[in-house]
Amino acid sequence: MNRQGLSWKAKLKYAIDQVVKESDDFADFLLKCAQNGILVYYNPEHTIDLKYMLAEQKERNPRAKFTRAKTLGWFYETEQIKSRIVHYKKAMEYSPKARIVRVPVQVEENKFIRDSIDRTNMNLTSKAMNILTKYGVTAEEAKAESIAAFSERVALVQELNAISDEIKELEERPETLRKFWAFKPYYDEYKSLSGRKQEKYKKAHGGTLADYHELKKKLLEWYPSGHVPTAEKLNKHIAELRKQSAQKNARYKAVKLKADELSQAANEIEQYIRQEQKREQQKNRWCWNNRFSGERKCPQSRL
């Protein structure tokens, strides 16, 4: 249900994903949200700076409340939305039923991460470090890699849903084709006759001939060119589509896991950076307040 966008939360996330891909920057994203039925509350001065709601949800329930970006997940928070927009514009080309082309993303170096890596004593949890090791990425690359994995996941969702829709559309056809080819000999026999023999044959097989014409009319809607496949050939095509779906679904699960795990690691890295920045500010404040006392030395920077 989540992949196919059947829940209200999934619908909201899917709608945001589509707007992200079409946006030039964050300001354009906010504008396009309004144009695509997404209500957005954004206030950079507040701790909870970004909230979303589907316009149709508000219409159905005027008392409905906005959903915090953090509630939807790490990928829907302000900074990640900005990163995803940059990634889609510069690091990824995607078209339906086409191979995803990955272009290397130049990651801007963060001096806090760099200094911490140089000291080899970054205070990340062992779980975060294990995730980085699992996917062979550095702390600096974690965010970009998680965004890339999430982008591929979004593309795979579209492909999987397209295949699913095609299978559903084709599944009703084999039985129609089977009946068509079973009734066609009656029509051919009818056309080979003339005069009273033809009239007599029509009276005897009128129901079958009428069914044949209805089936032919339906098949011409499906195959305007007149090239009607056999039920066996169509079933073979459906089986191939199911095989493709299974392969893409396996890839989807792997990419989803990668995106989720790397986002968790990237989130912990960001928290670590904020903590280190806060400690640096506190140290600088302490040094400033005690600059004339001479009683104690300024504590050495952790960074």
Response to the item:
Being outside any helix (DSSP H, G or I), open to solvent by less than 40 Å² (accessible area, probe 1.4 Å) and more than 30 Å from Leu72 (Cα to Cα) narrows Pro229, Pro224 down to just Pro229
Practice prompt. Please tell me if Asn249 is over 29 Å from Leu219 (Cβ atoms), among the polar types (S, T, N, Q) and touching a residue at least 12 places away in the same chain (Cβ under 8 Å).
Written response: yes
Discussion item. Suppose the filter is in a helix (DSSP H, G or I), open to solvent by 90 Å² or more (accessible area, probe 1.4 Å) and at pLDDT below 90; does Lys97 pass it?
Written reply: no
Worksheet entry | Conditions (1) within 28 Å of Glu22 (Cα to Cα); (2) assigned to a helix (DSSP H, G or I); (3) open to solvent by less than 50 Å² (accessible area, probe 1.4 Å); number of the one not met by Glu140 | (2)
Worksheet item: Which of the following residues is under 21 Å from Arg153 (Cβ atoms) and within 15 Å of the chain's Cα centre (by Cα): Lys89, Lys82, Lys11, Lys70?
Response: Lys11
Item to complete: Go through segment 26-85 and tell me which helices (runs of 4 or more DSSP H), entirely inside it, have 2 or more residues that are at pLDDT below 95, open to solvent by 50 Å² or more (accessible area, probe 1.4 Å) and under 19 Å from Phe150 (Cβ atoms).
Response: 69-72
Practice prompt. Evaluate the following for Ala250: is it at pLDDT 75 or above, surrounded by 13 or more Cβ atoms within 10 Å (Cβ to Cβ) and within 30 Å of Leu160 (Cβ to Cβ)?
Written response: no
Worksheet item: For the subset of segment 180-208 comprising residues that are assigned to a helix (DSSP H, G or I) and in contact with a helix residue (DSSP H, G or I) (Cβ under 6 Å, 6 or more places away or on another chain), which member is surrounded by the fewest Cβ atoms within 10 Å (Cβ to Cβ)?
Response: Thr208
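The values are calculated or read from the model by the stated rules, or taken from the named source; none is laboratory data. Being a predicted model, the structure only gives us computed values, none of them experimental. All Cβ positions, even for glycine, are placed from backbone atoms using ideal geometry, and neighbour counts span all protein chains on display. For the accessible areas, the whole protein counts, side chains as well, though only heavy atoms, and no ligand, DNA or RNA atoms are used. Shrake-Rupley method; radii C 1.70, N 1.55, O 1.52, S 1.80 Å.
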